[in-house]
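The values are calculated or read from the model by the stated rules, or taken from the named source; none is laboratory data. These figures come from a predicted structure and were not determined experimentally. Neighbour counts are summed over all protein chains in view; Cβ atoms, including those assigned to glycine, are modelled from backbone coordinates with ideal geometry. These area figures cover heavy atoms from the full protein model, side chains too; ligands, DNA and RNA do not enter into them. Shrake-Rupley method; radii C 1.70, N 1.55, O 1.52, S 1.80 Å.
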Amino acid sequence: MLDITPVAADFVAEVAGIDLRKPLSPELAQGLRDALNKYAVLIIPDQPLDEAQQLQVAQIYGPLETSIGSYIANDKKPRRLGHAQLSDISNLDEQGKLIGEADIRRLVLLSNQLWHTDSSFKKTPASASLLSAQEVSPVGGATEFADMRAAWDKLDPATQEQIRDLVAIHDYFHSRSLLGLEDYSIPQEWKERQPPVKQVLVRNNAHNSRRSLYLASHIKGIEGMSEQESRVLLDRLMTFSTQPQFVYRHRWRLNDLVIWDNRCTMHRGTNYNQAYRRAMRRATVQDIGPTVPAQ
């Protein structure tokens, strides 16, 4: 039995009494899946996992994605991490030194401070993410999570009816453009590798029949709406769903492992002093298929 302590009712829970460096029994793996379906965010402290161990844990949730950082912004550079299925959420280069001010990886790090859900810009988006902390900044750097199920539940019925069947256009480069990445500076090869995709705006959870908003800073528009109409609606939904009543703020400790369900949460990193080292890596699990059927 897992030792589970709710931190935020039906949203965040801390899991104790396990060592994920050891092989996972079928019962433990199922317990972790069930816990994520219930709470959406799991905090598991004191897990000094190596890369292979982190990937082994991630695989209990499904097939793993290849990190987009392996083939977009720094595909011609050596990677600090040894597995393409891991995203490097750190301010360190391949030699373990602080990355330079002009390094494009700085922009990628900055984009993590926008509210988003992982890999919504992929045709088959992410289900779970598992972020492991090897070095933490002494000041700042918390991660905030928003419960998109609770936000949906609190929306007024008229808005629910308006948006329940809408389709959004997600674009990896749109969120980067919000931080100053100009379209002309994006190589055509990158655009071809990661074109815009359609995702539903409201998701249904097959495990508990709860609806949730499916939002991200990657959304550049709503199908069938003008750019202005889309922006007004999206800004309203983002503002509503990230109110303090829906948000949990996690302050990282060394060797924390945090697992979250991208299908019913948003998250963002918060600022920290880049003079301090920060080393974290994320494994991302692929969902079972696209949210919008192929036409």
Checklist entry - Short version: what are the Cα gyration tensor semi-axes of the range 142-295, square root of 5 times each eigenvalue, largest first, in whole Å? => result 25, 23, 16
Item to check | Fraction of accessible area attributable to carbon and sulfur, the chain (%, probe 1.4 Å) | outcome: 51 percent
Checklist entry - In percent, how large is the relative contact order of the chain, given Cα pairs closer than 8 Å and 6 or more residues apart? => result 33 percent
Item to check | Point-charge dipole on Cβ atoms (K/R +1, D/E -1) for the range 1-50, about Cα centre, debye to 20 | outcome: 120 debye
Checklist outcome for this item: Probe 1.4 Å, heavy atoms of protein chains only: per residue, the accessible area of the chain in Å² is 46 Å²
Next on the checklist: For the range 233-295, what does the convex hull of the Cα positions come to per residue, in cubic angstrom?
Outcome noted: 163 Å³
Checklist entry - What residues qualify as long-range amide H neighbours of residue 216, i.e. H under 5 Å apart, gap of 5 or more or another chain, H built at 1.01 Å from N? => result none
Checklist entry - How high is the FRET efficiency from residue 232 to residue 28, r the C-beta distance, R0 45 Å, rounded to 0.05? => result 0.45
Item to check | ³J(HN,Hα), Karplus 6.51/-1.76/1.60, whole Hz, each residue of the range 86-102, x for Gly, Pro | outcome: 10, 8, 8, 9, 9, 10, 10, 8, 5, 9, x, 9, 4, 5, x, 4, 8
Checklist outcome for this item: Diffusion coefficient in µm²/s returned for the chain by Stokes-Einstein, Kirkwood Rh over C-alpha pairs, 37 °C and 0.692 mPa s, is 167 µm²/s
Checklist entry - Highest mean first, what order results for 208-217, 36-45 on Cβ atoms within 10 Å? => result 36-45, 208-217
Next on the checklist: What FRET efficiency comes out for residue 8 versus residue 83 if R0 is 41 angstrom and r is the Cβ-Cβ distance? Round to the nearest 0.05.
Outcome noted: 0.85
Item to check | Violating pairs (Cα-Cα greater than 24 angstrom) within the set 122/220; 123/191; 22/122; 38/123; 122/191; 123/154 | outcome: 22/122; 38/123; 123/154
Checklist outcome for this item: Among 276, 109, 239, the residue whose Cα sits farthest towards the positive end of the charge dipole of the chain, when +1 is placed on the Cβ of each Lys and Arg and -1 on the Cβ of each Asp and Glu, is 276
Item to check | 5 angstrom amide H check on residue 265, placed H, neighbours 5+ away | outcome: 148
Checklist entry - Efficiency by 1/(1 + (r/R0)^6): what FRET value for residue 95 and residue 251, r their Cβ-Cβ distance, R0 = 25 Å, to the nearest 0.05? => result 0.30
Checklist entry - Quick one: Kirkwood hydrodynamic radius for the range 126-211, alpha-carbon pairs, angstrom, one decimal? => result 16.8 Å
Checklist entry - For the range 86-156, what Kirkwood radius comes out of the mean inverse Cα-Cα distance, in Å? => result 14.9 Å
